[in-house]
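Trainee: Quick one: this structure, given as structure tokens, is what I'll be asking you about.
The values are calculated or read from the model by the stated rules, or taken from the named source; none is laboratory data. Since the structure is predicted, the reported quantities are computational estimates derived from the model, not experimental observations. Positions of Cβ are generated from backbone atoms using ideal geometry, with glycine treated the same way; all protein chains shown enter the neighbour counts.
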Amino acid sequence: MIFDTLIQQSKPAEVEAVLAHELGHWYYLHPTKLMVISQLHLFTILALFPAFLHAPPFLTAFDFPSSVSKNPPPIVAFLLFQLILVPLEAFISIGMNAVSRKFEWEADRFALELEDKLGDKEMAGMGEKLGKALIELHVKNLSTVWVDWMYSAYHHSHPTLTERLKALEAYAEEKKKKGE
């Protein structure tokens, strides 16, 4: 997404680099893929709930009397369902973040390869422009630069700034080797 603050606070070359990154998301259909994954996730949760609603052994395991277990109030079944769902959602969250991070790497790579595909001198130095834009966005948003990798894997849908800058440098090195 491109916000008006990005346009107001960044140089045109940096806005161009962020726009190239966002075009990468559309090129690879990332919004559509994330929507499908989210819908499947939601459908799975909603499809599993009736199994808990109509599972007397599950309710008797929580020491509910058999009269309640055979015809439980939906709120009771839902609360117990949540007790099981919350820990599972932690793992699902890590998986969703991994998918989102993969999409960010692909979009960054697309922006860098766009320079090669177009062969336009205006597009030259896209990696450097994207790196500057990322740094500026992190400074403006007061984002943390040094983050534990496990914390980041659980909480962040985007790679850290240092990871992205290292990847941009690695792509530049790879490009130099191909050119030699």
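Trainee: Is the range 78-101 home to any residue that is over 14 Å from the mean Cα position of the chain (by Cα) and under 25 Å from P12 (Cβ atoms)?
Mentor: No; the residues of the range 78-101 include none that is over 14 Å from the mean Cα position of the chain (by Cα) and under 25 Å from P12 (Cβ atoms).
Trainee: Another question about this same structure. Select from the range 85-109 the residues that are touching a residue at least 12 places away in the same chain (Cβ under 8 Å) and either within 17 Å of F49 (Cβ to Cβ) or in contact with a Lys or Arg (Cβ under 7 Å, 6 or more places away or on another chain) (or both) and list them in ascending order.
Mentor: L85, I92, D108
Trainee: Which of the residues that make up the range 38-70 are loosely packed, with under 11 Cβ neighbours inside 10 Å, of a type outside the set (D, E, K, R) and not in a helix (DSSP H, G or I)?
Mentor: The one that is loosely packed, with under 11 Cβ neighbours inside 10 Å, of a type outside the set (D, E, K, R) and not in a helix (DSSP H, G or I): P65.
Trainee: Look through the range 1-36, keep the residues that are modelled with pLDDT of 85 or more, outside any helix (DSSP H, G or I) and in contact with an Asp or Glu (Cβ under 9 Å, 6 or more places away or on another chain), and return whichever of them is surrounded by the most Cβ atoms within 10 Å (Cβ to Cβ).
Mentor: Looking at residues that are modelled with pLDDT of 85 or more, outside any helix (DSSP H, G or I) and in contact with an Asp or Glu (Cβ under 9 Å, 6 or more places away or on another chain), I get Y28.
Trainee: Surrounded by 12 or more Cβ atoms within 10 Å (Cβ to Cβ), of a type in the set (V, I, T) and part of a helix (DSSP H, G or I): does that describe I75?
Mentor: no
Trainee: Among the residues of the range 133-170, how many are under 14 Å from L112 (Cα atoms) and surrounded by fewer than 17 Cβ atoms within 10 Å (Cβ to Cβ)?
Mentor: Looking only at that region, the number is 3.
Trainee: Now a separate question. From the list W146, W105, which residue is outside any helix (DSSP H, G or I), among the hydrophobic types (A, V, I, L, M, F, W, C) and within 20 Å of the chain's Cα centre (by Cα)?
Mentor: Being outside any helix (DSSP H, G or I), among the hydrophobic types (A, V, I, L, M, F, W, C) and within 20 Å of the chain's Cα centre (by Cα) holds for just one of W146, W105, which is W146.
Trainee: On the basis of being closer than 20 Å to V18 by Cβ, assigned to a loop (DSSP other than H, G, I, E, B) and touching a helix residue (DSSP H, G or I) at 6+ places or on another chain (Cβ under 9 Å), does S157 make the cut?
Mentor: Taking the combined requirement at face value, the residue satisfies it.
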